[in-house]
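Chemist: Have a look at this one.
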Amino acid sequence: MRLRLVLSEAAQGLRRNVSMVISVILVTFISLTFVGTAMLLQMQISEMKGYWYDRAQVAVYMCTDVDTGGNCDSAEASAEQIDAVEAQLESPSLAPYIQRYEFETHEQAFANFQEQFSDSPLAAFTTADMLNESFRVNMVDPDQAEILIDNLQNFAGVQDVQDQRGYLDQIFSVLNSASYTAIGLAALMLVAAVLLIATTIRLSAFSRRRELGIMRLVGASNRFIQTPFILEGVFAALIGSVLAGASIVAIVHFFITGYLRTTLGATTTLVGMDEAIIVVPVLVVLGALLAAVSAGAAISRYLKV
Amino acid sequence: MIRFDAVTKSYAGNSRPALNSVSLEILKGEFVFLVGASGSGKSSFLRLVLKEEKPSKGQIHVLGHQLNTLPSRKVPYFRRNLGVVFQDFRLLPQKTVFDNVAFTLQVIGKSRGFIQEAVPDTLKMVGLSGKSGRFPHELSGGEQQRVAIARAIVNKPAIMLADEPTGNLDPATSAGIMGLLERINLGGTTVIMATHDVGIVDQMQRRVIELISGQVVRDEREGGYQTQSIPLPILPPFGNTGQFRLPGATS
């Protein structure tokens, strides 16, 4: 009986402010979509980190006869120098940190280069001699790459020692700043959504002030008076957050799984439906919670006795 | 039933208190007229009984509750024991007569069965049994006030507060309303009525409490409207200018 009355009051309020309710739906929809996108980006970053940090190697580049940087003096690294580096890698001081390593000759480097840059005119001008021979080292713990760099940097015939994670960090920082932008936009939109919900509820309360006055006069409990308004806000926000959830699922399905995965192929891992299924409930709960809190705060002014 | 102990009520921005150290007691089953010029504190008195306002000083006891210490979450339950009627009826225009009266019971959570039984009974008592399907704008002023009274008494309150219930009605209609209030009073409900209507007060011969400038200047059993102040429009004593206030001020 009372439940039905509360629901009919809420439905009446929704009907009376259709335009405001639609704007609440749209604003929560957009803001929560940003929140969801930011969450997906963060998940993507941590997924890529997990994937790439395991595969990232430390490269020890040996001199070629055109190099002048590092410890090079326009002379090809000699076999002794290469052996000395290899001996150092095998030595007790470095071996515990190294999972495995392999040596890449000019020919192997050239083959890889041809494969990677087959589309580029650069490939035509490059000869095997120009490419460095190198040791490709997989660390037991990729965070300890510094040890290898410090240790081998000053060896004769070593041009450079590079932690390949340095390249990845750039990618991650781009993705990170994209996700922070999304979070910033989401926060702004959420503020707008909260204020809009509060305004809508206040408007709704104002249009029902006669009923509210009589309810208070005859002794309706505060909970009874405020529940329809809170339901009104939560209902509008729920529609918005369900739409946001649907758009997150659509983004994952059509853009990530449908487009990115086929375009990028197997070069990296991507977030998928498993992550979307975590994001959607978070969005729905967040939307409902924000609406309940802001509607409750907006209506409390009408409950003072 | 209702006791005021040295109650003073001041509103912010007004140095003269609306009620000034008022002490009085109203017993169960009494019918009390509250008379006085506009701004004399009648409405403030009623609002204090309803706990719509807090007194600035003094203690108010209503129905065994000490209102100063009544927590606000209990105020709604306290108000279920009071029925209120206003000069402007305050009906809900989009609800029928039946629904206006039933609304009171719905919002305090009475069952459908109880409502189906209590509302027609109450409408019959106020003389509107054939008009339960009408809307307020289809009724005369007197009939609208009867709806408002039905709404106030449908929950069988111990106290009924009426703020100039006949203020918008012609004398004949007013007499009908007064007859209704008298019957409600005979049923055991304490009735407190603020009014300007000289004829009604003189005719009823009930307890009269007269306020001037927020002070009780007269409290007599079976009194008339006759006041101690000099008749209008000359200013009453105490330098009171309250009666020339615009409506909506502290009346």
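The numbers here are math on the coordinates, done by the rules we state, and not lab data. This one's a predicted model, so the numbers in the text were calculated from it and none came from an experiment. All Cβ positions, glycine included, derive from the backbone under ideal geometry; neighbour counts span all protein chains shown.
Chemist: Within 10 Å of each Cβ in A:5-13, how many Cβ atoms from other chains are there, averaged over the peptide? Provide the component values of the computation, followed by the final result.
Modeler: Details: counts 4, 2, 0, 0, 2, 0, 0, 1, 0.
Per-residue shielding by partner chains comes out at 1.
Chemist: In whole angstrom, and with the biggest value first, how far do the Cα coordinates of the range B:90-156 range along each principal axis?
Modeler: Rounded to whole Å, the extents work out to 30, 22, 18 Å.
Chemist: Moving to a separate point now. Tell me, what is the Rg over Rh of the range B:67-123, with Rh the Kirkwood radius over Cα pairs?
Modeler: Working: Rg = 13.4 Å, Rh = 13.1 Å.
Here the Rg-to-Rh quotient is 1.03.
Chemist: Kindly state, as a whole number, the per residue volume in cubic angstrom of the convex hull around the alpha carbon atoms of the range B:34-84. Each step should come with its number before you reach the end.
Modeler: Numbers: hull volume 4.6 nm³, N = 51.
Once divided by residue count, the hull of the range B:34-84 is 90 Å³.
Chemist: Follow-up question, since we're still on this one. Just counting partner chain Cβ atoms within 10 Å, what average do the residues of peptide B:155-162 show around their Cβ? Write down the numbers at each step before the final one.
Modeler: Values: counts 2, 0, 2, 0, 0, 0, 1, 0.
Mean shielding count: 1.
Chemist: Mind giving me the FRET efficiency for A:MET273 and A:SER46? R0 is 22 Å, r the Cβ-Cβ distance, nearest 0.05 is fine. Don't skip to the end; give the middle numbers.
Modeler: On the way: r = 17 Å, r/R0 = 0.78.
Efficiency at R0 = 22 Å is approximately 0.80.
Chemist: Taking 4 °C and 1.567 mPa s as the conditions, I'd like the Stokes-Einstein D for the protein assembly as shown in µm²/s, using the Kirkwood hydrodynamic radius from alpha carbon pairs. Could the numbers behind the result be given before it?
Modeler: Details: Rh = 30.7 Å.
Estimated diffusion coefficient is 42 µm²/s.
Chemist: Give me A:ILE248, B:ILE108 ranked fewest to most by other Cβ atoms within 10 Å of their Cβ, as a rough exposure proxy. Before the final figure, lay out the partial values.
Modeler: Numbers: A:ILE248 24, B:ILE108 19.
In order of increasing Cβ crowding within 10 Å: B:ILE108, A:ILE248.
Chemist: Net charge within 11 Å of B:ASP99 by Cβ-Cβ distance, Lys/Arg positive one each and Asp/Glu negative one each, not counting B:ASP99 itself? Provide the component values of the computation, followed by the final result.
Modeler: Details: positive: B:LYS95, B:ARG134, B:ARG151; negative: none.
Summing Lys and Arg as +1 and Asp and Glu as -1 gives +3.
Chemist: Over all distinct Cα pairs, what is the inverse of the mean 1/r for chain B, reported as the Kirkwood hydrodynamic radius in Å?
Modeler: Values: mean 1/r = 0.0532 Å⁻¹.
Taking every pair of different Cα atoms in chain B, averaging 1/r and inverting gives 18.8 Å.
Chemist: Can you compute the FRET efficiency between B:ARG134 and A:ALA192 using 1/(1 + (r/R0)^6), with r the Cβ-Cβ distance and R0 = 41 Å? Round to the nearest 0.05. List each step's numbers first, then the result.
Modeler: Working: r = 46 Å, r/R0 = 1.11.
The pair B:ARG134/A:ALA192 has a calculated efficiency of 0.35.
Chemist: What is the range A:57-163's relative contact order, in percent, from Cα pairs under 8 angstrom and six or more apart in sequence?
Modeler: Dividing the mean separation by the residue count of the range A:57-163 yields 48 percent.
Chemist: With Cβ to Cβ distances under 12 Å as the rule, what net charge do the other residues near A:LEU89 carry (K, R +1; D, E -1)? Intermediate results must be reported in sequence, preceding the final value.
Modeler: On the way: positive: A:ARG100, A:ARG136; negative: A:ASP83, A:GLU86, A:GLU90, A:GLU102.
Here the charged neighbours net out to -2.
Chemist: May I pose another question? For peptide B:73-82, compute the average count of partner chain beta-carbon atoms within 10 Å of each residue's beta-carbon. List each step's numbers first, then the result.
Modeler: Values: counts 5, 2, 5, 13, 2, 2, 6, 4, 1, 3.
For this peptide, the per-residue mean of nearby foreign Cβ atoms is 4.
Chemist: Let me ask another. Give me the angle, in degrees from 0 to 90, between the Cα long axis of helix B:141-153 and the longest principal axis of the Cα atoms of chain B, rounded to the nearest 10.
Modeler: 90 degrees
Chemist: For B:ARG206, B:ARG3, what ranking results if the residue with the fewest other Cβ atoms within 10 Å of its Cβ goes first?
Modeler: B:ARG3, B:ARG206
Chemist: When B:MET125, B:MET193 are ordered from fewest to most other Cβ atoms inside 10 Å of their Cβ, what list results? Don't skip to the end; give the middle numbers.
Modeler: Details: B:MET125 18, B:MET193 27.
Neighbour counts put them in this order, fewest first: B:MET125, B:MET193.
Chemist: Tell me what the protein assembly as shown gives for mean residue ellipticity at 222 nm when only DSSP H runs of n ≥ 4 count, each as -39,500 (n - 2.57), the sum divided by the residue total, rounded to 500 deg cm²/dmol.
Modeler: Details: 18 runs with 275 residues, N = 556.
So the helix-based figure for the protein assembly as shown works out to -16500 deg cm²/dmol.
Chemist: In degrees from 0 to 90, rounded to the nearest 10, what is the angle of the helix B:112-125 Cα long axis to the longest principal axis of chain B?
Modeler: Result, in degrees: 60.
Chemist: Still on this structure, please answer the following. With labels modelled as points extended 7 Å from the Cα through the Cβ direction, what inter-label distance (nm, one decimal) is found for B:SER21 paired with B:ASP170?
Modeler: 4.7 nm
Chemist: Against the longest principal axis of chain A, how steep is helix A:222-250, in degrees 0 to 90 to the nearest 10, with axes from Cα atoms?
Modeler: 30 degrees
Chemist: OK, next. Using only the alpha carbons of chain A, what is the convex hull's orientation-averaged projected area in square nanometres?
Modeler: Working: hull surface 91.1 nm².
If you wrap the Cα atoms of chain A in a convex hull and average its projections, you get 22.8 nm².
Chemist: In addition: For B:SER21, what is the net charge nearby, where nearby means another residue's Cβ is under 12 Å from its Cβ and Lys, Arg count +1, Asp, Glu -1? Could you put the intermediate results ahead of the total?
Modeler: On the way: positive: B:LYS9, B:LYS57; negative: B:ASP5.
Combined, the nearby Lys, Arg, Asp and Glu give +1.
Chemist: Next question. Based on the Cα coordinates of the range A:1-118, what is the per residue volume of their convex hull in Å³? The partial results should precede the final answer.
Modeler: On the way: hull volume 30.4 nm³, N = 118.
With only Cα atoms used, the range A:1-118 gives 258 Å³ per residue.
Chemist: State, to one decimal in nm, how far the label point of B:ASP5 lies from the label point of A:PHE255, with both points 7 Å from Cα in the Cβ direction.
Modeler: About 7.0 nm, to one decimal.
Chemist: If you take the C-alpha gyration tensor of the range A:57-163, multiply each eigenvalue by 5 and take the square root, what semi-axes do you get, largest first, in whole Å?
Modeler: Details: eigenvalues 122, 55, 24 Å².
Semi-axis lengths for the range A:57-163 are 25, 17, 11 Å.
Chemist: Starting from the 7 Å offset along Cα-to-Cβ, what nm value, one decimal, do you get for the label separation of A:GLN108 and A:ALA123?
Modeler: It works out to 2.1 nm between the two label points.
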